[in-house]
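What follows is calculated from the coordinates using simple rules that are stated; it is not laboratory data. For clarity, every value in this text was computed on a predicted model and none was experimentally measured. Quick reminder, even Gly has a Cβ in these numbers, built from the backbone with ideal geometry, and neighbours come from all protein chains shown.
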C-alpha cells in the first residue's frame, strides 16, 4: 500500500508527489493524464426507469445509464439541462448532474476509456457534474465530488487496478491527444505494480 | 330526407331528460340531441360537405338500434367534421376532428363517436396545441376523451418540429393531457432529443412529459 500525502492538480494531469519508493510504477503525471486518444463529442444515450421533461431540462431516475462517445456513467438520478441555440445538431446540454443513492449505498460511477493506451479510469463519487466548455465545441468537464475513488486499470503496468481516494476530481473531455485529462486534489493511492 | 328526419327525431326524443344540449348537423339538418349528462358540453357535428368542399353530401346510412324501447341509437355516416366547444371557455374549443367515416352511438346517457382516418386539432386551455392523425378513434362525451389507435401521430403546434408517435394515444380534453402507449417515440424539434418508451404522459403541447415505464433518451448533440 502506498499512501500519498498529497497530490496536486496540474494542467498536465494529476501530479503525484511524496510517492514512496516502493511504488515505483506508473504514477507519473503523464500516466494519469491519460489521453493520447482522440475522442470527439457525440450523441449521448440515457437509459432510465423514470423520466420527466419540463421543456428546459429532464430528469432520469432509477438505475440510469448514460453512454456517450467519451464516457459511460451510471447513477441513480441524472438531471440534464438543455439550452442554447437550436441548430442542425439541436440545442445543447448546458449542464448535467448525477447523483448516487446514499440510502442504498450506491454512488455515481463514471468510466473513461483511453483506447490508445488501453487504460480505463473509473470514478466512484456521491455526485458528478458535467459542464460543457463554451470555448471548445467538443470540450467539457466532469466534476466528481463526495467520497471520490478513482480506479485505474492499466494492464501493461499494474498487476491490478490502482485505487486512489480523493476529495475532488475533474475529468476534462475534448478532442486530441491530451484528453481525457484528469486532475485531482489530496488523496492516497494503492498501487500493485507488475513485477 | 323523411327517413333522416324521422331518425333524428327519435334521437331527439330518446334523450329528452337532458340538461345541456348537443347540436348535431347532418346532411344540412340541424338537430338538438339531448343527453342526461349535466356536465357534458355541446357536441357539434358537421358533415364534411358543409365545409369548404362544394361536393354534395355523400350517401348517409342510419341504423336504428333499439331506439324505440331504450332510447339507444346508432348513426353512421361517411364523413364527419365535429367540434367540441369548451364549456369552461366560451367561444373556445376542446377539439376539432375530421374523419372519413364515423359511427355515433347514443345509449341514453352518453354519446360515443367512433371515427376512421381521423385528423384532429387538439386544444389545451382554449388554445390550439397539437394536431393528431390516427386510423381509428373514439370520442366519449362523459370522459371527454379521444382514444386514438392504429398508429397515432401527434405534432405540437407551439413546439415546432416536436412530434409524438405511438400505437395508441388518449387525449384528455378536460385537462389537456395526453397518454401515449405502445412503441412510443417522442422527438423534440429544438433539442432533437428522441425518447423511446412504452408509455408516456404529457401535455398536449408536448412540452412537459413523464414516463414510468422505462426507456431511453438520445441527444444527438451530446457529451
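Observations on the model:
- Whole-angstrom gap from segment B:158-223 to segment A:119-195, using each part's C-alpha centre: 35 Å
- Here the calculated FRET efficiency for residue B:213 and residue B:172, from their Cβ-Cβ distance with R0 = 25 Å, stands at 0.85, rounded to the nearest 0.05.
- Averaged over the residues of B:190-200, the number of partner chain Cβ atoms lying within 10 Å of the residue Cβ comes to 5.
- Nitroxide proxy distance, nm - points 7 Å out along Cα→Cβ at residue B:89 and residue A:167: 5.5 nm
- Note: relative contact order over segment B:162-204, using C-alpha pairs below 8 Å and six or more positions apart, is 39 percent.
- Extension gain, residue B:142 back to residue B:116 (0.36 nm per residue minus Cα-Cα distance, nm): 7.3 nm
- Calculated FRET efficiency for the pair residue A:129/residue B:153, C-beta based, R₀ 56 Å, to 0.05: 0.90
- Placing dummy labels 7 Å off each Cα toward the beta-carbon, the span from residue A:147 to residue A:115 is 3.4 nm.
- Relative contact order (%) - segment A:74-195, alpha-carbon pairs under 8 angstrom, separation at least six: 17 percent
- Sorting the segments A:158-165, A:106-113 by their mean number of nearby beta carbons within 10 angstrom, highest to lowest, gives A:106-113, A:158-165.
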